[in-house]
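These notes are about the structure you will find just below.
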Amino acid sequence: MEELMAKYLANELSEEERIKFEGQLVNDEGLKIEFEDYLNLWTESAQPSELSFDKSQAWNVVSAQIKPQSRVVRLEPKPRYTLLKIAATLLIVMTAGYFLSETAKVRVNNLIGVSSLSEVTTGAEMKEVALPDGSVVKLNVNSKLSYAKGFGDTHRNIVLNGEANFDVERNENLPFIIEANKGQVEVLGTSFDVKAYAGKYVELNVSEGIVKFSSTEDNKAEIVEAGEMAMLSSDGTDLEKGVVADQNYAAWWTRKLVFENTSFEKVIKNLEETYWVEIDYSKALLNCPLTATYENESLDDVFEYLKVTFADSQLKVIRTKENKIKLEGKACAN
């Protein structure tokens, strides 16, 4: 990561690599702190007149002072760099002639300026968002979508934390790129669903078109077409592709659940993901497969239907907390 930061300051990253790094810097507090430490160590190791963000020089100066997974601890207070100070430092360096391109100047303004970063977050309710390029995103609960200034004009890169359904406006000259945990999704224009909650696997389900799905940790990549899905492990090392295993992956926004002799365990999983609740249930209910279709039904109504469907099990619904439910009942008759 230190070498990546050195390349960034030396203006040696590609446009795609730069946007990806800046998105990480804005959304990853740990990386932000590491970047601040990097600049502190660099500037403390040279006089202002000697500042040059040559990658090799920066790496040599800083790498010797950074220990893996450690922070710099000082016994007496010294001025520290915040993101605003980083912006000021980079602007000073640019005026001294070390960053010569206008792109670099825009980069700093986009990275630091709060108004240049657009974010959409959800709490207990999902949202539908129209992006500047005409694409439409349905954002699931407890999720966040962010993108930098220039989206739709100079880039179509976004960062996703959580789950979203994308209906991407086609643009063959400007690919739509999603950074999702350890994964990256790249398309020109199509419809798909991405689930990428922190610390968990990344899941991609494609309903239309073709999507490139890759790991940011290595060179693994898959081309995923309509009717297919792919999963990337939380550490980004294992990428697998197959057919869509569960058509209810989109039920959180379509509000349509289809069960065909579906195991009770799978039914509960779909209900939890669709209605954002935690459901505990008696193991006796495991032998109660379900064949039914529910569309635009409330969770309470679904439970009422289940009581009728599994009448012999004498199903009881107990709400322990607002979003926690327990189901009790006897084994279903075969």
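Just so you know, all these numbers are worked out from the coordinates, no wet-lab data involved. If you're wondering where the values come from, they're calculated on a predicted model, not measured in any experiment. Heads up, the Cβs are rebuilt from the backbone with ideal geometry, glycines too, and the neighbour counts pull from every protein chain shown.
Can you bin every Cα-Cα distance in the range 248-328 into 10 Å intervals starting at zero and give me the percent of pairs per bin, rounded to whole numbers?
Bin by bin from 0 Å, the calculated values are 18, 58, 24, 0.
For Glu16 and Lys200 in one chain, what is 0.36 nm times their gap in residues minus the Cα-Cα distance, to one decimal in nm?
Length gained between Glu16 and Lys200: 63.8 nm.
Can you list residues from other chains, or at least 5 along the same chain, whose modelled amide H is less than 5 Å from the amide H of Tyr197?
Gly162
Which loop chymotrypsin sites (Phe, Trp or Tyr not before Pro) in the range 251-299, with loop taken from DSSP, have no more than 16 other Cβ atoms within 10 angstrom of their Cβ?
Passing sites in the range 251-299 are Trp276.
If you stretched the chain out fully between Asp153 and Glu278, how much longer would it get, using 0.36 nm times the residue separation minus the C-alpha to C-alpha distance?
Difference between extended and current length: 40.8 nm.
Hey, rough spin-label estimate for Lys324 and Lys220, points 7 angstrom out along Cα→Cβ, what's it come to in nanometres?
3.5
Based on the alpha-carbon gyration tensor of the range 184-334 and its eigenvalue square roots a ≥ b ≥ c, which shape applies: rounded if a/c is under 1.5, prolate if not and a/b is larger than b/c, or oblate?
It is prolate, given that a/c is not under 1.5 and a/b is the larger ratio.
Can you give me the Cα centroid spacing of the range 200-270 and the range 114-147 in angstrom?
21
Pop a pseudo-label 7 angstrom from the Cα along the beta-carbon direction at both Ala311 and Glu186 and give the gap in nm to one decimal.
Between Ala311 and Glu186, the simple spin-label model gives 5.8 nm.
Using 7 Å Cα-to-Cβ label points, what is the Val136/Leu31 separation (nm, one decimal)?
Rounded to a tenth, the inter-label distance reads 3.1 nm.
Once phi is turned into θ = phi - 60°, what whole-Hz ³J(HN,Hα) does the Karplus curve with 6.51, -1.76 and 1.60 give for every residue of the range 139-148, x standing for Gly and Pro?
9, 6, 5, 6, 10, 9, 10, 9, 8, 8
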